[in-house]
Every structure is written in structure tokens, then in C-alpha cells.
Amino acid sequence: MTFSHVSVLLNETIDVLNVREGGVYFDGTLGGGGHSSEIARRLGEKGLLLASDLDPNALKAAGERLSAFPVEKRFFQSNFKNFSALIAEAGVQKVDGVLLDLGVSSHQLDEKSRGFSYQEDAPLDMRMSSSGMTAADVVNTYSEADLRRVLYEYGEENNARAIARRIVERRGEKPFETTMELVECIRAAFGGRRTDKNPARRTFQALRIEVNGELNGLSDVLFEMVDALNSGGVLAVITFHSLEDRIVKQAFRRMIDGCTCPREFPVCTCGFVQTVDLAFKKPVVASEKELNENPRARSAKLRAVIKR
């Protein structure tokens, strides 16, 4: 199986990580190994690259790609949210950099059988790993209220109520099995109203996030990662939609401005100590050149903090 994944904001990410030769780096979303290849290239023989991914196909493909580099490597089939346990398993206490490239990979979108795409007919799956509930489980078993909540909160879908109602009505006739069955149901919920983009886009995003628990615990693990950084170390995060970007932005803001004292207090008494600085004031986005080569980079945003 060919694992195809185009690494977004590659040069910008590697630049901000400022990889130290002989350092220790953690790539929590290994994917096809594009970012990790550039990290490994700079680490040299004495460095250590730790990486995790839920997708066994990604781990296999990245392992082959990274075999050309002499750096020591440790791969884990695990969620990056297990960061603290994973570095402990590797016998590591501190790292020099952490990278998270959030969301679904190009390979997962393009592999029809995974059911991530609303443009291809496939089993209604959407799992990034091979275990756990599927998107079919969600649409066939969740209550109408829960479906509405998922679509509104994770898809920011204004038509969530009508879609949830239509899903419940349709599954009463026959359980959903494929992506196109769901797409047709969503189109019907819009009642023929035209939209600028595929009306299933937000629902599929919402289901993918729910199935994989993408937002659960994200903020907490960012604080764990910062705590594990050596001085001068960098935490870099690439996001692809407003929900995860908002979580990252707010977490970084709390790291920098976490004082809870009333504004009228002349000095801080809450004990807050700022330990990081923003690498750049505004998120970095893809250049026109990159967008021409990879349109999927259009929504990507890179944020980073540097440990003091």
C-alpha cells in the first residue's frame, strides 16, 4: 500500500523547531514521515526521534522512509495525548521539540475504504486506527439530540437540527452503511437549498472528530508537552479547522497570560510564572506557491511557543 501524504507548512515548521543536532524530538502525528524526515536529517547520529501515530499504515510507511537516517528512532502506535507515558517508556524526561500536525492525513482522505471522504462511496468508517466505534455506529445509535450536538459543536453546522432529524428518520427504514447513503440523506435535509460547498462537508468533519475524539484532552496535553521542553525547546502545532485552532490559541494564551490576579493588584500574588513565549504573534499560513501545489493546505495554521 502506497502511503501518500503531503506535509503542509514543512519549511516553516522545521524553521521554527530549530532542530538541535543530537537533540530529542517528538512527532506526535507521524503520518507519512514528511516532517520527521526533515527533523531526522538535522538530528545526526546522536539524536533521538520519538514519534507516534494511530494509523499502522502510517507507522509502516514512515518507518521505511526514515530508515535512511542514522538517528535513533522510537515509534509508537498510540495517540499523541499519551505523550507523558510515551516519553517515559522511552526513558526520556525532557525533549527539545514537539510537533503536532492535527487532523486527517491526505492518505486517509484519499484511501476510499477509510470512509473519510464525502465524495467517494465507501463503508461509513472514519477511524484513524483499526479499533473503536465507527461513523456508522454514531449515526445509527446516537439519539437525535446527541447527533444535533455533535454536528453543531464539531461541525459548526447551522442546519444540525434538520440533518439530525433526517438521519433518525432514515435509519428507521435501514441502518446507514456507506458514505453516499449519508451524503444523500444530508442533501435531503437541506431541502434542495443550494450551498457554496458540499452540504455534507461539515457533518463529515463533525463525525470524524467524534469518532476519533480529536478535541478531547488536546488542551491538557499541550501543557504537558510544554512542561517537558528543555529551555529553548519548541512546541509547534498545525491546525486545520477553527475548533482545534481555537483550543491551541487559548492554551498558548493561558501559558503566557495565566495570571488570575485582579487588574488593580500592583503585583502578582497568584503565583503564575510565564515559562514560554510565542514564536510569532500571528499564525503562519501557507504561501501562494504551496497552495498552488497543495490546495489542502488552505486552512492550515501553524502556531508555536518557545520555552524560556
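Derivation of every value follows stated rules applied to the coordinates shown; laboratory data play no part. If you're wondering where the values come from, they're calculated on a predicted model, not measured in any experiment. Heads up, the Cβs are rebuilt from the backbone with ideal geometry, glycines too, and the neighbour counts pull from every protein chain shown.
Points to keep in mind about this one:
- Put a plus charge on the Cβ of each Lys and Arg, a minus charge on the Cβ of each Asp and Glu, and nothing anywhere else: the dipole of segment 108-212 about its Cα centre is then about 380 debye.
- Where both bridge residues fall in the chain, DSSP classifies roughly 40% of the beta bridges as antiparallel.
- Helical content alone sets the calculated 222 nm signal of the chain at -12000 deg cm²/dmol, taking -39,500 (n - 2.57) per DSSP H segment of four or more residues and averaging over every residue.
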